[in-house]
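All remarks here apply to the structure that follows.
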Amino acid sequence: MSQNQYESLNPWGWSPVWSEPYEEAVALCPRGVVPVPARVIGREGPVHLLETPDGPRAGLVSGRLQFTGTEADFPLVGDWVVAQLIDSGQAVIHGVVARKTVFSRSVSTGSPDGSGRQSFLAANLDVLGIVMGLDGNFNPRRAQRLATLARHGGMLPLWILSKADLADSGAKVETARTAAGEDPLVVLSALAGTGLEALDSWLTAGTAIALAGSSGVGKTTLVNRLLSSSLATREVRTLDSKGKHTTTSRHLYQLPSGALLMDAPGFRTVGLWADADDLAEGFSDIEALAALCRFHDCRHQEEPGCAVREALAEGSLDEARWEGWRRQERELHHLAKRDNKALQRAEKDRWKAIHQQMRNFNKRR
Ligand SMILES: Nc1nc2c(ncn2[C@@H]2O[C@H](COP(=O)(O)OP(=O)(O)OP(=O)(O)O)[C@@H](O)[C@H]2O)c(=O)[nH]1
Ligand SMILES: [Mg+2]
Ligand SMILES: [Zn+2]
């Protein structure tokens, strides 16, 4: 097969690095299928909007994938898939190519123990643009949580402070900078068109970036600016700066620079789906301090020789940043404990089933 036969997909991010994982996914598909790679750039109900070597197509998941796959196997916006072009002008999706990154969060299962399940949002994005309004929406702790999700999924977190045209945003910008630690941060107004050039170095050809953040923070307004287009946006309630979920689906757009930008509906709760390492990476300042504590298992509460408490007392560690770390740490600790319990339960059930089978087997003999 020629290396360049899928050249028409280059503007959608196809490159030689995808050849091998694509061929691996093809190998798992049923025989008789004539496969092509395609990228999922949007989704409307069961219909996936695909970019294929033959141009855009509407894609449906094959019956086999539908019935044998788990949630993690279903195509997400951003995924490369193995598609079969059919005569009706549509396409059938037979499999998903192994992802480089995945954007997911935890959503409640509604069970009383408060457990969550991993809910998948998008795949193969390089950068997660965490959009936060410099109005009543301003909430750095929420942005820190999104940054943890980004790191867990292998994306770079980029803080985007929007609505910089509003009065009195200066103090909020400083608060956000402290909260962001070493994460990059840009300040802009999509409405006034100021500060947008700070995004240029992130919007290079081949880079895929998603915009995440609550409803009404101005994600679509920013997409429109960058695309010079007019997707639907809507006023937020002035009292609490809440939006009304104007955008209802995820969609990947091509920017003039060659970058791919994903607009998405805002979501209210940022359920953590991550582990301790993701947190440590985002709070390397606190990790470095903790390493200096006298006790290696210091909880940074009343212990003598606690470097974290010392730094807080002398003001070299910001109180709010510390609080952000502490809350996430506690939550991840619970998450890990609960997962362990769930694992133990599953293991017990598995052995119970095996023993039952053995008993039945012995009875039959
Ligand atoms: N003052 C000001 N208002 C803005 C700015 N950007 C967006 N807005 C306004 O904020 C409101 C919501 O903007 P949207 O772009 O629809 O927000 P969104 O994040 O896409 O919201 P959802 O699609 O609901 O998730 C609109 O009334 C915009 O005009 C800005 O830079 N400054
Ligand atoms: Mg929107
Ligand atoms: Zn300590």
_Please report the accessible area of Ser214 (heavy atoms, 1.4 Å probe, ligands and nucleic acids excluded) in Å², nearest 10._
20 Å²
*Size of the dipole of the chain about the Cα centre, Lys and Arg at +1 and Asp and Glu at -1 on the beta carbon, nothing else charged, in debye to 20?*
2000 debye
*Mind running the shape call on region 83-123? Use the C-alpha gyration tensor, a ≥ b ≥ c as the square roots of the eigenvalues: rounded below 1.5 for a/c, prolate if a/b tops b/c, oblate otherwise.*
prolate
_Residue order for Ser108, Ser62, Ser8 - accessible surface, 1.4 angstrom probe, largest first_ = Ser108, Ser8, Ser62
_R0 of 45 Å, Cβ-Cβ distance Glu303-Leu28: FRET efficiency to nearest 0.05_ = 0.30
*asked:* With a 1.4 Å probe and all protein chains kept in place, how much accessible area does Thr204 have, in Å² rounded to the nearest 10?
replied: 70 Å²
*Accessible surface of the chain, 1.4 Å probe, proportion on carbon and sulfur as whole %*: 52 percent
*Cα-based shape type of the chain, given that a ≥ b ≥ c are square roots of the gyration tensor eigenvalues and the cut on a/c is 1.5*: oblate
*If r is the Cβ-Cβ distance from Asp277 to Ala58 and R0 is 30 Å, what FRET efficiency results, to the nearest 0.05?*
0.15
*asked:* Give the aspartates and glutamates reachable from Lys100 as a straight Cα distance under 13 Å; neighbours fewer than 8 places away on the same chain don't count.
replied: Glu20, Asp79, Asp126
*Taking the chain as a Gaussian network, where each spring joins two C-alpha atoms under 10 Å apart, which residue of Gln84, Gln301, Gln254 fluctuates the most?*
Gln301
*Once the dipole of the chain is set up with Lys and Arg at +1 and Asp and Glu at -1 on Cβ about the Cα centre, which of Ala58, Gly32, Val96 lies farthest towards its positive end?*
Gly32
_Heavy atoms of Trp273 accessible to a 1.4 Å probe, total area in Å² rounded to 10_ = 50 Å²
_Theoretical ellipticity at 222 nm over the chain - DSSP helices of four or more residues, -39500 (n - 2.57) apiece, nearest 500_ = -10000 deg cm²/dmol
*Looking at region 1-57, which trypsin sites (Lys or Arg not before Pro) are in a loop (DSSP not H, G, I, E or B) and have at most 15 other Cβ atoms within 10 Å?*
Arg31
*If Ile130, Ile86 are ordered by their accessible area, calculated over protein heavy atoms with a 1.4 Å probe, which sequence runs from highest to lowest?*
Ile86, Ile130
*Could you calculate the FRET efficiency of Thr68 with Ala198 from 1/(1 + (r/R0)^6), where r is the beta carbon distance between them and R0 is 30 Å, rounded to 0.05?*
0.05
_Principal axes of region 7-96: Cα extent on each, largest first, Å_ = 32, 26, 26
_Which aspartates and glutamates, if any, have their Cα less than 14 Å from the Cα of Lys163, not counting same-chain residues under 8 positions apart?_
Asp135, Glu235
*Rolling a 1.4 angstrom probe over the protein heavy atoms, how many square angstrom per residue are accessible across region 105-183?*
37 Å²
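The values are calculated or read from the model by the stated rules, or taken from the named source; none is laboratory data. If you're wondering where the values come from, they're calculated on a predicted model, not measured in any experiment. Here the Cβ is made from the backbone with ideal geometry for all residues, glycine too, and neighbour counts use every protein chain on show. SASA here: full protein model, heavy atoms, side chains in, ligands and nucleic acids out. Shrake-Rupley method; radii C 1.70, N 1.55, O 1.52, S 1.80 Å.
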